[in-house]
Every structure is written in C-alpha cells, then in structure tokens.
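Here's the structure we're looking at; comments come further down.
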Amino acid sequence: MNAVIRAVVRTANGRYGDAIVGFQDGWRGLLEDRKIHIHNDDRTDRILTKGGTILGTARTNPEVLREGLGRVKRTLDDNGIDALIPIGGEGTLTAAHWLSEEGVPVVGVPKTIDNDIDCTDTTFGHDTAVTIATDAIDRLHTTAESHQRVMLVEVMGRHAGWIAMNSGIASGAHLTLLPEVPFDVDEVCTMIKRRFQRGDSHFILVVAEGAKPAEQESFHLREGGVDEYGHERFTGVAHQLGVEIERRIGKEVRTTVLGHVQRGGKPTAYDRVLATRFGLHAAEAVHSGHFGQMVTLRGTEIGLVPLAEATKQLKLVPTDRHAEAAAFFG
Ligand code: F6P
C-alpha cells in the first residue's frame, strides 16, 4: 500500500501539482475526518520498500459504512477533495462503488493478499504472501523428511485458495486443499498412506484457512460464528484435520499455522512494481476523468475496469487451475 501511496503522490503532485491528503485508518478516517497531508518529498519516497501503510487501516462493518456514506461525502466536501483513490479489497472496492454511484469521483486500487478481486489478473500483496508461504513450506520439507512426518500448513485464503494453490505448487506440496473444493478426509488419508507405502519419507499438506470438508463427511469443523464485520470466524481447519488424520491412520502429524506472518515484512520486488504502476495509473485516471473505475492488470498491461464489474463477484480458483495443481498431488 505504501508503494501505491508514493506513486500517487509522485504522479499527482510531481506531474500535476495536486495536494494529497491521506485519510487514516481506512474508511474510519473518512467517517471521522482524520487525515494527514502527504508531501512529495524524501520521506514519502522512502516508504516504497516498507510493507503495510503509513496511513493505517481498519476493517469497517459494511452496514456502518453504508449508513455513513453521507458523512464520508461531507468529509470530502469539507476538505475540498476533488478525487478519492481507495486502496483495498472486496469490501473497500464495494464501498468505493457505492460512493461512485452517488457521484463521488473515485478510482479504486485493488489490494489483497488473497488475490480474489475479479477483473484483474492479480493484486499486489499476493506475491509477497506466496513467497513467504513457499519459504516456510520449503523449511517444513526439511524437518518432515528427517522425521518421516505428515506436516500440515495452514495459509490464508478466506474464500479463494490462490495462496494455498500457488505456494503448494511452488514448494512441491503433496496435496493442497482449497475453499473452492470441499475435501474428503478418507481420500486425504488414502493419499498419505499410499505415499508412505511407496517408501516416500514425508507428506506436506497445504490447507487454505477457508477449506471445508465435503457435506457428506462425518468430520465436521467446529462452528466459529461471524465477527463484527460479518466475516466467518475460522476455528482452525488444519489443526482439526491434523487430529483427525492422526486418529484415522495412526501417523504422526504436525501442524503449522502461518497466519499474519504472510501479511508482513518487506514486499517482493514484483509487488512493489505492480503497486507502483497501479498508483501511477490511478493518478493518471483521475486526471483523465475516468471515475468509477478500478485499475487492473491484464497480462502485462495496466488498464481500467468499471468498479461495478470488478465488485460483482470474487475471483475464485477455477476448476482447470485446480486440475493443474492436482497433477502434482500424491
Ligand atoms: O482478506 C485478507 C486476509 O488476509 C484473509 O486472508 C484473512 O482471512 C483475513 O484477511 C484476516 O483478517 P484479520 O487481519 O482481520 O484477522
């Protein structure tokens, strides 16, 4: 996000002389009129390599936001804001679309490690998360091999299994479970047993946090309810599945949950480049009056797509991509 902020400031101020105001803690800053002026100086330049956002971020309940749209518009008017560039995932971009429908000049920038925003090949953050997860799985291979163990690794991915799939392929995992494809515990156990019967030393199973057992399964995950933002609260699929695998096949299992480690540290070069290009093109879109749009990556080119299109549905892992990953299972 810092790379986007820097690119917006460099382009909008450097090329057009715009003043840039950053609202703090996401939509909350707009609801409460909390902001800082961001200058085109050395300090801003140096945020490029720093992960996260100098502005802070916060989840906001969509209902609270919908009701607060009037307040957001007032904040923008009171501050004489000519255009808004929200950076975020599904929730942020949906709110950006609502604002745009109400006549606010908006250009959205897609951001999520989950890579589940539609109409763009990828979003920044995803490559960093996959790189971190891959590195962790590489390390788990070493110890799993020495101890002849089954290792489960839980990675992020609420609705979409892109992180699991890509890190699984990159690290040579023996099976990857995605939210898009409900799993059968017996099939998982059979695959593990087969591998050990073949004389192989270990089994690495990557599990997306949103993976679920098939409906006909006798194995059920604990219920976690929903949090204050309306998101399902996960109860730890990898731990629960690990216990079940151990119970069914009597093989020693160890589980690692990567959690927020995947969302931290220095962004990869790929993500810095993509975020920089998104920021530059978002500022240019503002100046060419292309509002109600989201910047997007198609192949190697940055383009624009209506926010209405981009927020219609999430981009899940399609069946043929899962089949590619499955070619290396077992
Ligand atoms: O939406 C991105 C994401 O990283 C998901 O993969 C994950 O489930 C969620 O955020 C975690 O959210 P929080 O930081 O609020 O716990």
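Derivation of every value follows stated rules applied to the coordinates shown; laboratory data play no part. This is a predicted model, so every value here is computed, not measured. In this analysis, Cβ positions are derived from the backbone assuming ideal geometry, glycine residues included, and neighbour counts consider all displayed protein chains.
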Which pairs break 20 Å Cα to Cα here: Lys35/Lys312; Lys193/Lys251; Lys212/Lys266? Lys35/Lys312; Lys212/Lys266
If you average 1/r across every pair of different Cα atoms in region 147-220 and take the reciprocal, what Kirkwood value do you get, in Å? 12.6 Å
Place a +1 charge on the Cβ of each Lys and Arg in the chain and a -1 charge on the Cβ of each Asp and Glu, then give the dipole magnitude about the Cα centre in debye, rounded to the nearest 20. 800 debye
I want to check the label-to-label distance for Asp42 and Ser146. Put each point 7 Å from Cα in the C-beta direction and report it in nm to one decimal. 4.6 nm
Which log10 I(q)/I(0) values does region 264-322 give at q = 0.13, 0.18 Å⁻¹ under the Debye formula, counting every alpha carbon as one identical point scatterer? -0.46, -0.80
Quote the FRET efficiency, to the nearest 0.05, computed for Arg254 versus Ala214 with a Förster distance R0 of 41 Å and r equal to the Cβ-Cβ distance. 0.95
For region 117-191, size of Cβ-based charge dipole, Lys and Arg +1, Asp and Glu -1, in debye: 240 debye
Counting each DSSP H run of 4 or more residues in the chain as -39500 (n - 2.57), what helix-only mean residue ellipticity at 222 nm follows after dividing by all residues, to the nearest 500 deg cm²/dmol? -13000 deg cm²/dmol
Could you list the residues of region 143-175 with an amide nitrogen less than 19 Å from a label point located 7 Å from the Cα of Ala323 in the Cα-to-C-beta direction? 161-162, 165-166, 169
At 25 °C and 0.890 mPa s, what whole-number value in µm²/s does Stokes-Einstein give for the translational diffusion of the chain, with Rh from the Kirkwood sum over Cα pairs? 116 µm²/s
Hits in region 215-252: amide N under 14 Å from the 7 Å Cα→Cβ extension of Arg263, namely 227-234
Where the centroid of each part is defined by its Cα atoms, how far is region 1-38 from region 140-181 in Å? 37 Å
Relative contact order computed over region 1-130 (Cα-Cα under 8 Å; 6+ residues apart), in percent: 19 percent
Mind pulling the angle between the C-alpha long axis of helix 126-147 and the longest principal axis of the chain? Nearest 10 degrees, somewhere in 0 to 90. 20 degrees
Provide the gained length on full extension for the span Asp135 to Asp184, in nm with one decimal, where the gain is 0.36 nm per separating residue minus the Cα-Cα distance. 14.9 nm
Long-range Cα-Cα pairs in region 15-99 (distance over 21 Å), rounded percent: 31 percent
Can you tell me, using C-alpha contacts under 8 Å and at least 6 residues apart, the relative contact order of the chain as a whole percent? 24 percent
Rg in Å to one decimal, and Dmax rounded to a whole Å, for region 124-270 via C-alpha atoms: 15.0, 48
Which one, Val72, Ala3, Ala325, is farthest towards the positive end of the dipole of the chain when Lys and Arg carry +1 and Asp and Glu -1 on their Cβ? Ala3
Cα lying deepest toward the dipole's positive end in region 136-249, options Gly236, Gly224, Ser201, charges on Cβ: Ser201
With Cα atoms, 0 to 90° folded angle of helix 237-249 axis to the chain main axis: 10 degrees
Where does helix 69-78 land angle-wise versus the long Cα axis of the chain, in degrees 0 to 90, nearest 10? 40 degrees
For a Förster distance of 45 Å, can you work out the FRET efficiency between the beta-carbons of Glu63 and Gln197, rounded to the nearest 0.05? 0.25
With the cut-off at 1.5 for a/c, could you classify region 196-268 from its C-alpha gyration tensor as rounded, prolate or oblate? oblate
